[in-house]
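What follows is a single structure, written as structure tokens, with notes after it.
The values are calculated or read from the model by the stated rules, or taken from the named source; none is laboratory data. Worth saying up front: this structure is predicted, and the values here are computed from it rather than measured. Because the Cβ atoms are built from the backbone with ideal geometry, glycine has one as well, and the counts that use them run over all protein chains shown.
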Amino acid sequence: MRERPGQSVAAGHCLVVLPVVKIRRFPYNPPLSGVVWPATGRERAMKRVVRKETQPNPLLPGYDFNAHLVAGTSPILKGGFLDFWIDRPNGMKGYIINLTVKGRGVIHEDGAVETCKPGDLVLFPPSVMHYYGRDPDYSEWIHAWIYFRPRAYWSQWLDWPQKIKRIGRLTLPDEKTFKEFLAAFREIEYIHRRSSPLSEAICINLLERLLLRCADEIIPGSYAAVDTRIMRACYIINEHLFENFPVSEVAREVCLSTSRLAHLFREQMGISITKWREDQRLIHAQQLLKITQSPIAAVAALVGYSDQLYFSRVFRKSMGISPLEYRRRNPSETQTPGSDVSWSNPPRALRG
């Protein structure tokens with residue numbers, strides 16, 4: 001029996017102390033009268049924020065996004081099972097680029113509120129809070145999206161000058177450009193869903209082209225030119241990627257001191273030179289794990305790591321799982337199960 005204030009516990013009865021459960025409040029409160037939560041109810045939706053659930057559908061809370069690229073389309077319809085607010089207080093490990101296709105969405109960021117309409121692109125950087133959903137004044141919000149962990153040399157293209165606080169924003173100028181970008185998103189999603197051993201590599205290549213198109217649409221002069229010595233350093237590193245080629249030798253090749261090269265590289269690329277090289281090695285390691293059955297030690301040696309244990313630690317730190325687990329889980333990682341959007345035919349760009 002739970003004791004009420006001012007009430008004593010009679011002999012023969014026991015006192016039960018109930019635990020206090022805290023449900024985290026949402027940081028912003030859009031007009032909830034216009035927001036329809038899933039059929040499971042608002043309480044269960046809020047509990048998902050507190051209790052970390054893992055499930056295989058990237059359209060629903062609990063998907064771990066433990067991959068370098070995931071692509072999909074979210075058809076949010078009023079009263080539908082996807083009609084809830086995305087709430088990730090700490091953001092994600094990678095970036096998400098989002099293109100509104102139809103309807104309206106609302107994004108909250110550090111006190112700012114922005115509406116997304118068809119032709120609007122938004123770019124969420126890592127660790128930036130996600131809090132967005134369907135605009136209550138509209139019956140739908142359909143948006144295509146791509147989650148990705150970028151290649152190191154993409155940093156210049158990911159710093160969009162127009163921002164919603166820390167979230168990049170780009171509005172496409174006309175219908176023709178909008179259709180071009182939508183076709184690019186659909187092509188990436190289509191290939192991603194094919195689940196072939198090289199699907200992710202092809203998607204990363206297509207995504208690079210998409211990001212270059214975004215950069216091309218941004219006002220010329222918004223980006224500073226990359227120092228030719230840094231571009232040369234990247235080329236040299238790639239030429240000797242799987243060798244024990246010291247950074248001091250790279251610096252000598254580009255006529256800089258080691259410390260000056262390190263400073264310029266981080267300034268221009270947004271990452272240290274050793275981390276950039278590590279990322280390039282891990283990209284190759286992922287492909288080898290997918291398309292070969294070579295032992296982990298052999299894969300490590302092929303990408304420049306003589307110590308298998310050290311390679312496994314570096315891989316786990318980057319991917320969140322071991323190389324062996326990555327190989328085992330790879331078929332499920334390259335699929336996007338549970339999406340309501342399917343393409344009966346490949347995008348026009350893939351047709352003959």
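Remarks
- In the range 287-310, the condition of being at pLDDT below 90, within 26 Å of the chain's Cα centre (by Cα) and buried (at least 20 other Cβ atoms within 10 Å of the Cβ) is met by at least one residue.
- S259 vs. criteria in contact with a helix residue (DSSP H, G or I) (Cβ under 6 Å, 6 or more places away or on another chain), part of a helix (DSSP H, G or I) and at pLDDT 85 or above: no
Residue-by-condition table, conditions (1) of a type in the set (K, R); (2) surrounded by 16 or more Cβ atoms within 10 Å (Cβ to Cβ):
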{"position": "V106", "(1), (2)": "no, yes"}
{"position": "E114", "(1), (2)": "no, yes"}
{"position": "W145", "(1), (2)": "no, yes"}
{"position": "Q156", "(1), (2)": "no, no"}
{"position": "R166", "(1), (2)": "yes, no"}
{"position": "L170", "(1), (2)": "no, yes"}
{"position": "K179", "(1), (2)": "yes, no"}
{"position": "R193", "(1), (2)": "yes, yes"}
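- Restricted to the range 99-143, the set of strands (runs of 3 or more DSSP E) holding at least 1 residues that are polar (S, T, N, Q) comprises 112-116.
- Among (1) surrounded by fewer than 18 Cβ atoms within 10 Å (Cβ to Cβ); (2) under 10 Å from the mean Cα position of the chain (by Cα) - the single one F81 does not satisfy: (2)
- Any hit, the range 155-175, residues being over 23 Å from M92 (Cβ atoms) and basic (K, R): no
- The one condition in (1) at pLDDT 90 or above; (2) surrounded by fewer than 18 Cβ atoms within 10 Å (Cβ to Cβ) that V50 fails to fulfil: (1)
- Flag for R193 being of a type in the set (K, R), farther than 24 Å from E114 by Cβ and in contact (Cβ under 8 Å) with a residue 40 or more places away in the chain: yes
- Among the candidates E249, E243, residue that is modelled with pLDDT of 85 or more and either closer than 20 Å to R149 by Cβ or assigned to a loop (DSSP other than H, G, I, E, B) (or both): E243
- Residue match in the range 317-330 (condition: at pLDDT below 90, closer than 18 Å to L241 by Cβ and either in contact with an Asp or Glu (Cβ under 8 Å, 6 or more places away or on another chain) or of a type in the set (G, A, S) (or both)): yes
- For the range 336-351, the condition of being at pLDDT below 85, over 27 Å from the mean Cα position of the chain (by Cα), over 30 Å from K179 (Cα atoms) and outside the structural domain of R194 (by TED's automatic domain parsing) holds for none of the residues.
- E267 within 21 Å of W154 (Cα to Cα) and either among the β-branched types (V, I, T) or free of Cβ contacts under 8 Å to residues at least 24 places away in the same chain (or both): yes
- I283 vs. criteria surrounded by 15 or more Cβ atoms within 10 Å (Cβ to Cβ), part of a loop (DSSP other than H, G, I, E, B) and touching a residue at least 60 places away in the same chain (Cβ under 8 Å): no
- Residues of the range 232-263 satisfying the condition of being more than 22 Å from F311 (Cα to Cα) and either in the same structural domain as W154 (by TED's automatic domain parsing) or acidic (D, E) (or both): E249, E253
- Hey, L206 in the same structural domain as F148 (by TED's automatic domain parsing), without any contact (Cβ under 8 Å) to a residue 24 or more places away in the chain and buried (at least 16 other Cβ atoms within 10 Å of the Cβ) or not: yes
- Test: S294 is at negative phi, out of contact with any helix residue (DSSP H, G or I) (no Cβ under 6 Å at 6 or more places or on another chain) and of a type outside the set (V, I, T): yes
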